[in-house]
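**Student:** Below you will find the structure I want to go over with you.
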Amino acid sequence: MELSYPKVKRKANGEYFIEFTLKSKRIRLLNGQRIKSQLRPNDFPIKERKAKAIQLAKKVYYYLENNNYSFENKAPRNELELYDYLVKQKLTEPLSLKYKRTLKSIANDLRIQVIKQKTIPCEFINQYLSKYENQTSFNTVRGHLNALLNYLKENGFEVKTTSLKPRKQIEKLHKPIDDIGVLLDEVKSFNRNLYICCLLTYGCLLRPHREVRQLRWGDFNDDLKYISFGGDRVKSKRNRIVPVPEFIREQLSIGKKENNIFTNTPIEFNEDYFKTLWGRFKRVSKLIEQDQTLYSFRHSGAIEIFKRTGSITKLQKAMGHSSINVSLTYLRGLEIPELNEEDMPMI
(Lines give C-alpha, C1' and ligand atoms only; values in the text may rest on other atoms or scores of the structure.)
Protein backbone atom coordinates (compact mmCIF):
# COMPACT_ATOMS: atom_id res chain seq x y z
CA MET A 1 0.00 0.00 0.00
CA GLU A 2 1.54 3.31 -1.12
CA LEU A 3 -0.84 5.46 0.90
CA SER A 4 -2.73 4.87 4.16
CA TYR A 5 -5.84 6.87 4.96
CA PRO A 6 -4.88 9.78 7.28
CA LYS A 7 -5.77 9.41 10.95
CA VAL A 8 -6.86 12.45 12.96
CA LYS A 9 -4.86 12.86 16.16
CA ARG A 10 -4.63 15.43 18.93
CA LYS A 11 -1.60 16.90 20.68
CA ALA A 12 -1.43 17.48 24.42
CA ASN A 13 -1.87 21.21 23.80
CA GLY A 14 -5.20 20.61 22.05
CA GLU A 15 -3.96 21.03 18.48
CA TYR A 16 -5.15 18.52 15.89
CA PHE A 17 -3.04 16.98 13.14
CA ILE A 18 -3.33 14.15 10.62
CA GLU A 19 -0.93 11.25 10.34
CA PHE A 20 -0.49 8.78 7.48
CA THR A 21 2.03 6.65 5.62
CA LEU A 22 3.09 7.60 2.09
CA LYS A 23 5.43 5.18 0.30
CA SER A 24 6.53 3.67 3.65
CA LYS A 25 7.25 7.11 5.12
CA ARG A 26 5.25 8.46 8.07
CA ILE A 27 3.96 11.99 7.53
CA ARG A 28 2.23 14.43 9.89
CA LEU A 29 0.40 17.55 8.72
CA LEU A 30 -1.12 20.39 10.73
CA ASN A 31 -2.63 22.16 7.71
CA GLY A 32 -3.25 21.90 3.97
CA GLN A 33 -0.23 23.90 2.81
CA ARG A 34 1.41 20.95 1.01
CA ILE A 35 -1.66 20.41 -1.16
CA LYS A 36 -2.04 24.17 -1.73
CA SER A 37 -5.14 24.34 0.49
CA GLN A 38 -5.91 27.18 2.90
CA LEU A 39 -7.47 24.78 5.43
CA ARG A 40 -5.89 25.20 8.89
CA PRO A 41 -7.93 23.24 11.49
CA ASN A 42 -6.24 24.78 14.51
CA ASP A 43 -7.20 28.29 13.46
CA PHE A 44 -10.84 27.39 14.16
CA PRO A 45 -12.61 27.45 17.57
CA ILE A 46 -11.75 24.40 19.70
CA LYS A 47 -15.14 22.72 19.15
CA GLU A 48 -14.72 22.85 15.37
CA ARG A 49 -11.10 21.71 15.09
CA LYS A 50 -11.69 17.95 14.97
CA ALA A 51 -14.28 18.27 12.21
CA LYS A 52 -11.91 20.48 10.20
CA ALA A 53 -9.08 17.99 10.73
CA ILE A 54 -11.34 15.22 9.38
CA GLN A 55 -12.02 17.45 6.38
CA LEU A 56 -8.27 17.98 5.91
CA ALA A 57 -7.70 14.21 6.01
CA LYS A 58 -10.17 13.74 3.16
CA LYS A 59 -8.64 16.53 1.08
CA VAL A 60 -5.10 15.20 1.51
CA TYR A 61 -6.11 11.63 0.70
CA TYR A 62 -8.02 12.61 -2.45
CA TYR A 63 -5.17 14.87 -3.56
CA LEU A 64 -2.48 12.20 -3.21
CA GLU A 65 -4.61 9.42 -4.68
CA ASN A 66 -5.22 11.51 -7.80
CA ASN A 67 -1.73 13.00 -8.10
CA ASN A 68 0.28 9.78 -8.46
CA TYR A 69 0.84 9.61 -4.67
CA SER A 70 2.99 12.70 -4.72
CA PHE A 71 2.83 16.23 -3.31
CA GLU A 72 4.49 17.51 -6.50
CA ASN A 73 1.78 18.85 -8.76
CA LYS A 74 2.83 18.40 -12.40
CA ALA A 75 1.43 21.23 -14.50
CA PRO A 76 -0.72 20.23 -17.50
CA ARG A 77 0.89 21.02 -20.86
CA ASN A 78 -2.16 22.45 -22.66
CA GLU A 79 -5.81 23.47 -22.24
CA LEU A 80 -7.18 19.97 -22.78
CA GLU A 81 -4.84 18.43 -20.22
CA LEU A 82 -5.74 21.14 -17.72
CA TYR A 83 -9.45 20.61 -18.39
CA ASP A 84 -9.20 16.84 -17.98
CA TYR A 85 -7.13 17.22 -14.81
CA LEU A 86 -9.57 19.67 -13.19
CA VAL A 87 -12.66 17.61 -14.09
CA LYS A 88 -10.98 14.55 -12.59
CA GLN A 89 -10.20 16.51 -9.42
CA LYS A 90 -13.79 17.76 -9.18
CA LEU A 91 -15.15 14.23 -9.49
CA THR A 92 -12.98 13.03 -6.60
CA GLU A 93 -14.84 15.29 -4.17
CA PRO A 94 -17.25 13.55 -1.76
CA LEU A 95 -20.34 14.08 -3.93
CA SER A 96 -23.33 11.78 -4.41
CA LEU A 97 -23.07 9.21 -7.19
CA LYS A 98 -26.05 10.73 -8.96
CA TYR A 99 -24.48 14.21 -8.90
CA LYS A 100 -21.14 12.84 -10.13
CA ARG A 101 -22.85 11.11 -13.05
CA THR A 102 -24.56 14.38 -14.02
CA LEU A 103 -21.32 16.39 -13.81
CA LYS A 104 -19.45 13.76 -15.82
CA SER A 105 -22.09 13.87 -18.56
CA ILE A 106 -21.92 17.67 -18.76
CA ALA A 107 -18.11 17.59 -18.68
CA ASN A 108 -18.00 15.17 -21.62
CA ASP A 109 -20.19 17.54 -23.68
CA LEU A 110 -18.02 20.54 -22.81
CA ARG A 111 -14.81 18.64 -23.57
CA ILE A 112 -15.67 18.58 -27.28
CA GLN A 113 -15.54 22.38 -27.28
CA VAL A 114 -12.17 22.39 -25.50
CA ILE A 115 -10.79 20.10 -28.22
CA LYS A 116 -12.16 22.34 -30.99
CA GLN A 117 -11.85 25.81 -29.46
CA LYS A 118 -9.32 25.35 -26.62
CA THR A 119 -11.98 26.94 -24.42
CA ILE A 120 -15.75 26.78 -23.86
CA PRO A 121 -17.47 29.67 -25.68
CA CYS A 122 -20.23 31.47 -23.82
CA GLU A 123 -22.43 31.13 -26.91
CA PHE A 124 -22.13 27.33 -26.70
CA ILE A 125 -22.98 27.34 -23.00
CA ASN A 126 -26.14 29.37 -23.62
CA GLN A 127 -27.10 27.15 -26.55
CA TYR A 128 -26.46 24.05 -24.41
CA LEU A 129 -28.91 25.32 -21.79
CA SER A 130 -31.53 26.59 -24.22
CA LYS A 131 -32.44 23.06 -25.29
CA TYR A 132 -34.10 22.55 -21.89
CA GLU A 133 -37.65 23.85 -22.21
CA ASN A 134 -38.85 22.64 -18.84
CA GLN A 135 -38.17 25.35 -16.22
CA THR A 136 -37.08 22.94 -13.49
CA SER A 137 -34.73 21.05 -15.81
CA PHE A 138 -33.28 24.33 -17.11
CA ASN A 139 -32.56 25.66 -13.62
CA THR A 140 -31.16 22.33 -12.40
CA VAL A 141 -28.76 21.91 -15.33
CA ARG A 142 -27.82 25.59 -15.13
CA GLY A 143 -26.83 25.10 -11.48
CA HIS A 144 -24.76 22.00 -12.23
CA LEU A 145 -23.14 23.66 -15.24
CA ASN A 146 -22.17 26.80 -13.35
CA ALA A 147 -20.79 24.72 -10.46
CA LEU A 148 -18.43 22.99 -12.89
CA LEU A 149 -17.54 26.18 -14.78
CA ASN A 150 -16.82 28.10 -11.58
CA TYR A 151 -14.55 25.28 -10.39
CA LEU A 152 -12.65 25.38 -13.68
CA LYS A 153 -12.33 29.18 -13.51
CA GLU A 154 -11.17 29.18 -9.88
CA ASN A 155 -8.42 26.71 -10.77
CA GLY A 156 -6.92 28.51 -13.74
CA PHE A 157 -8.99 27.43 -16.74
CA GLU A 158 -10.19 30.50 -18.63
CA VAL A 159 -13.95 30.25 -19.10
CA LYS A 160 -17.11 32.29 -18.60
CA THR A 161 -20.28 31.16 -16.90
CA THR A 162 -23.65 31.38 -18.61
CA SER A 163 -25.26 34.79 -19.09
CA LEU A 164 -28.74 33.22 -18.97
CA LYS A 165 -30.70 33.96 -15.81
CA PRO A 166 -32.61 31.31 -13.84
CA ARG A 167 -36.16 30.82 -15.04
CA LYS A 168 -38.95 31.57 -12.63
CA GLN A 169 -40.80 28.37 -11.84
CA ILE A 170 -43.98 27.53 -10.02
CA GLU A 171 -43.08 26.64 -6.47
CA LYS A 172 -43.79 23.02 -5.68
CA LEU A 173 -45.90 22.81 -2.55
CA HIS A 174 -45.55 19.77 -0.36
CA LYS A 175 -49.03 19.94 1.11
CA PRO A 176 -49.06 19.77 4.93
CA ILE A 177 -50.85 16.89 6.65
CA ASP A 178 -53.87 17.73 8.80
CA ASP A 179 -54.10 14.56 10.91
CA ILE A 180 -50.56 13.28 11.35
CA GLY A 181 -51.49 10.55 13.86
CA VAL A 182 -54.07 8.85 11.64
CA LEU A 183 -51.79 8.89 8.59
CA LEU A 184 -48.85 7.55 10.62
CA ASP A 185 -50.99 4.63 11.79
CA GLU A 186 -51.77 3.79 8.17
CA VAL A 187 -48.07 3.99 7.26
CA LYS A 188 -47.16 1.77 10.23
CA SER A 189 -49.51 -0.97 9.04
CA PHE A 190 -47.96 -0.77 5.56
CA ASN A 191 -44.19 -0.86 6.27
CA ARG A 192 -42.20 -0.35 9.48
CA ASN A 193 -39.14 1.19 7.80
CA LEU A 194 -41.31 3.77 6.07
CA TYR A 195 -43.07 4.41 9.38
CA ILE A 196 -39.78 5.12 11.19
CA CYS A 197 -38.71 7.34 8.29
CA CYS A 198 -41.94 9.37 8.55
CA LEU A 199 -41.56 9.68 12.33
CA LEU A 200 -38.02 11.04 12.02
CA THR A 201 -38.99 13.34 9.15
CA TYR A 202 -41.86 14.82 11.16
CA GLY A 203 -40.55 14.67 14.74
CA CYS A 204 -36.88 15.53 14.07
CA LEU A 205 -37.41 17.49 10.82
CA LEU A 206 -34.78 15.42 9.02
CA ARG A 207 -34.62 15.16 5.26
CA PRO A 208 -35.87 11.66 4.42
CA HIS A 209 -33.87 10.63 1.37
CA ARG A 210 -30.42 11.33 2.77
CA GLU A 211 -30.34 12.32 6.44
CA VAL A 212 -32.87 9.70 7.55
CA ARG A 213 -31.83 6.95 5.12
CA GLN A 214 -28.16 7.18 6.11
CA LEU A 215 -28.72 7.28 9.89
CA ARG A 216 -26.48 5.01 11.95
CA TRP A 217 -26.97 4.05 15.58
CA GLY A 218 -23.68 5.82 16.27
CA ASP A 219 -25.36 9.11 15.29
CA PHE A 220 -27.56 8.81 18.41
CA ASN A 221 -26.32 9.40 21.93
CA ASP A 222 -26.55 6.51 24.43
CA ASP A 223 -30.14 7.20 25.55
CA LEU A 224 -31.36 8.05 22.02
CA LYS A 225 -32.30 11.59 23.05
CA TYR A 226 -30.13 13.34 20.47
CA ILE A 227 -28.87 12.82 16.92
CA SER A 228 -25.58 14.44 15.87
CA PHE A 229 -24.59 15.12 12.27
CA GLY A 230 -21.26 16.27 10.89
CA GLY A 231 -21.34 19.11 8.36
CA ASP A 232 -20.42 16.75 5.52
CA ARG A 233 -23.80 15.00 5.92
CA VAL A 234 -26.03 18.06 6.14
CA LYS A 235 -27.26 20.27 3.30
CA SER A 236 -26.27 23.47 5.15
CA LYS A 237 -22.71 22.05 5.68
CA ARG A 238 -22.96 22.87 9.39
CA ASN A 239 -22.73 20.49 12.31
CA ARG A 240 -26.22 19.73 13.57
CA ILE A 241 -27.62 18.30 16.84
CA VAL A 242 -31.28 17.28 16.79
CA PRO A 243 -33.46 16.34 19.81
CA VAL A 244 -35.40 13.08 19.46
CA PRO A 245 -38.97 13.24 20.90
CA GLU A 246 -40.12 10.47 23.23
CA PHE A 247 -42.76 9.17 20.79
CA ILE A 248 -39.91 8.34 18.38
CA ARG A 249 -37.56 6.89 21.02
CA GLU A 250 -40.28 4.43 22.01
CA GLN A 251 -40.09 2.90 18.52
CA LEU A 252 -36.30 2.47 18.46
CA SER A 253 -34.06 -0.31 19.76
CA ILE A 254 -30.43 0.73 19.58
CA GLY A 255 -27.99 -1.48 17.69
CA LYS A 256 -24.27 -1.51 16.89
CA LYS A 257 -22.88 1.98 16.39
CA GLU A 258 -21.53 1.26 12.90
CA ASN A 259 -24.84 -0.15 11.62
CA ASN A 260 -27.50 1.67 9.64
CA ILE A 261 -30.75 1.88 11.64
CA PHE A 262 -32.83 0.35 8.81
CA THR A 263 -30.55 -2.38 7.45
CA ASN A 264 -28.75 -3.23 10.72
CA THR A 265 -25.57 -3.52 8.65
CA PRO A 266 -22.90 -0.89 7.84
CA ILE A 267 -24.46 -0.48 4.36
CA GLU A 268 -27.56 1.69 3.91
CA PHE A 269 -30.39 1.23 1.40
CA ASN A 270 -30.02 2.79 -2.07
CA GLU A 271 -30.92 6.44 -2.79
CA ASP A 272 -34.40 5.59 -4.14
CA TYR A 273 -35.41 3.23 -1.32
CA PHE A 274 -37.89 5.51 0.47
CA LYS A 275 -39.04 7.12 -2.76
CA THR A 276 -40.03 3.68 -4.04
CA LEU A 277 -41.70 2.70 -0.76
CA TRP A 278 -43.67 5.95 -0.67
CA GLY A 279 -44.85 5.42 -4.25
CA ARG A 280 -46.15 1.96 -3.35
CA PHE A 281 -47.84 3.29 -0.23
CA LYS A 282 -49.59 6.08 -2.15
CA ARG A 283 -51.17 3.56 -4.47
CA VAL A 284 -52.92 1.75 -1.59
CA SER A 285 -53.45 4.62 0.87
CA LYS A 286 -56.95 5.86 1.60
CA LEU A 287 -55.72 9.03 3.31
CA ILE A 288 -53.00 10.57 1.10
CA GLU A 289 -54.12 13.72 -0.70
CA GLN A 290 -52.75 15.26 -3.88
CA ASP A 291 -49.38 17.04 -3.46
CA GLN A 292 -48.64 15.24 -0.19
CA THR A 293 -45.17 13.70 -0.23
CA LEU A 294 -42.65 12.33 2.26
CA TYR A 295 -41.47 15.92 2.68
CA SER A 296 -44.98 16.84 3.82
CA PHE A 297 -44.09 15.28 7.19
CA ARG A 298 -41.11 17.63 7.52
CA HIS A 299 -43.18 20.60 6.42
CA SER A 300 -45.97 19.71 8.85
CA GLY A 301 -43.40 19.51 11.65
CA ALA A 302 -42.08 22.95 10.66
CA ILE A 303 -45.53 24.49 10.82
CA GLU A 304 -46.12 22.90 14.22
CA ILE A 305 -42.89 24.36 15.63
CA PHE A 306 -43.59 27.82 14.24
CA LYS A 307 -47.18 27.86 15.51
CA ARG A 308 -46.11 26.81 19.01
CA THR A 309 -43.02 28.99 19.38
CA GLY A 310 -43.57 31.86 16.94
CA SER A 311 -39.77 31.89 16.65
CA ILE A 312 -38.15 31.94 13.22
CA THR A 313 -34.75 31.40 14.86
CA LYS A 314 -35.86 28.18 16.55
CA LEU A 315 -37.41 27.04 13.31
CA GLN A 316 -34.18 27.78 11.43
CA LYS A 317 -32.16 25.67 13.89
CA ALA A 318 -34.70 22.85 13.89
CA MET A 319 -34.79 22.70 10.10
CA GLY A 320 -31.01 22.95 9.74
CA HIS A 321 -31.28 25.91 7.36
CA SER A 322 -28.10 27.81 6.50
CA SER A 323 -29.70 31.23 7.05
CA ILE A 324 -32.82 32.88 8.39
CA ASN A 325 -33.76 33.97 4.88
CA VAL A 326 -34.04 30.34 3.80
CA SER A 327 -36.50 29.74 6.62
CA LEU A 328 -38.54 32.81 5.66
CA THR A 329 -38.80 31.58 2.08
CA TYR A 330 -39.70 28.15 3.35
CA LEU A 331 -42.59 29.50 5.41
CA ARG A 332 -43.95 31.47 2.48
CA GLY A 333 -44.03 28.25 0.49
CA LEU A 334 -46.05 26.66 3.28
CA GLU A 335 -48.86 29.20 2.95
CA ILE A 336 -48.05 30.89 6.25
CA PRO A 337 -48.59 34.69 6.17
CA GLU A 338 -45.63 36.38 4.53
CA LEU A 339 -42.85 37.66 6.75
CA ASN A 340 -39.93 39.95 6.14
CA GLU A 341 -36.63 39.91 8.00
CA GLU A 342 -37.37 43.36 9.46
CA ASP A 343 -40.53 41.91 11.00
CA MET A 344 -38.49 39.53 13.12
CA PRO A 345 -37.35 40.16 16.74
CA MET A 346 -34.29 42.38 17.13
CA ILE A 347 -31.60 42.47 19.78
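**Student:** Going by the structure shown, is Leu30 farther than 17 Å from Ser70 by Cα, surrounded by 14 or more Cβ atoms within 10 Å (Cβ to Cβ) and under 25 Å from the mean Cα position of the chain (by Cα)? Step through it out loud before you land on a result.
**Tutor:** Details: farther than 17 Å from Ser70 by Cα: yes; surrounded by 14 or more Cβ atoms within 10 Å (Cβ to Cβ): yes; under 25 Å from the mean Cα position of the chain (by Cα): no.
For Leu30, the condition - farther than 17 Å from Ser70 by Cα, surrounded by 14 or more Cβ atoms within 10 Å (Cβ to Cβ) and under 25 Å from the mean Cα position of the chain (by Cα) - is not met.
**Student:** Would you mind stating whether Tyr63 is surrounded by 14 or more Cβ atoms within 10 Å (Cβ to Cβ) and closer than 30 Å to Ser228 by Cα?
**Tutor:** Details: surrounded by 14 or more Cβ atoms within 10 Å (Cβ to Cβ): yes; closer than 30 Å to Ser228 by Cα: yes.
It is true that Tyr63 is surrounded by 14 or more Cβ atoms within 10 Å (Cβ to Cβ) and closer than 30 Å to Ser228 by Cα.
**Student:** Against the condition under 30 Å from Arg26 (Cβ atoms) and touching a strand residue (DSSP E or B) at 6+ places or on another chain (Cβ under 6 Å), how does Leu91 come out, does it pass?
**Tutor:** Answer is no for this residue.
**Student:** Sticking with this structure for a sec: Quick test of your reading of the structure: Leu183 fulfils all but one of (1) under 15 Å from Ile288 (Cβ atoms); (2) modelled with pLDDT under 90. Name the failing condition by number.
**Tutor:** Looking at each condition in turn, Leu183 falls short on (2).
**Student:** Suppose the filter is free of Cβ contacts under 8 Å to residues at least 24 places away in the same chain, surrounded by fewer than 15 Cβ atoms within 10 Å (Cβ to Cβ) and among the β-branched types (Val, Ile, Thr); does Ile46 pass it?
**Tutor:** no
**Student:** I'd like to check something: does the stretch 210-220 contain any residue that is farther than 30 Å from Tyr83 by Cβ, acidic (Asp, Glu) and at pLDDT below 85?
**Tutor:** Taking the stretch 210-220 and keeping what is farther than 30 Å from Tyr83 by Cβ, we get 210-220.
This time we only want the ones that are acidic (Asp, Glu), so: 211, 219.
Subsequent filtering for residues that are at pLDDT below 85 retains none.
Checked against the condition, which is being farther than 30 Å from Tyr83 by Cβ, acidic (Asp, Glu) and at pLDDT below 85, the stretch 210-220 yields no hits at all.
**Student:** Here is a further query. Is it the case that the stretch 304-320 has a residue that's free of Cβ contacts under 8 Å to residues at least 24 places away in the same chain, farther than 21 Å from Cys204 by Cα and out of contact with any Gly (no Cβ under 7 Å at 6 or more places or on another chain)?
**Tutor:** no
The values are calculated or read from the model by the stated rules, or taken from the named source; none is laboratory data. What you see is a predicted model; the values in this text were computed from it and never measured. Every residue, glycine as well, gets a Cβ built from its backbone with ideal geometry; the counts of neighbours run over all protein chains shown.
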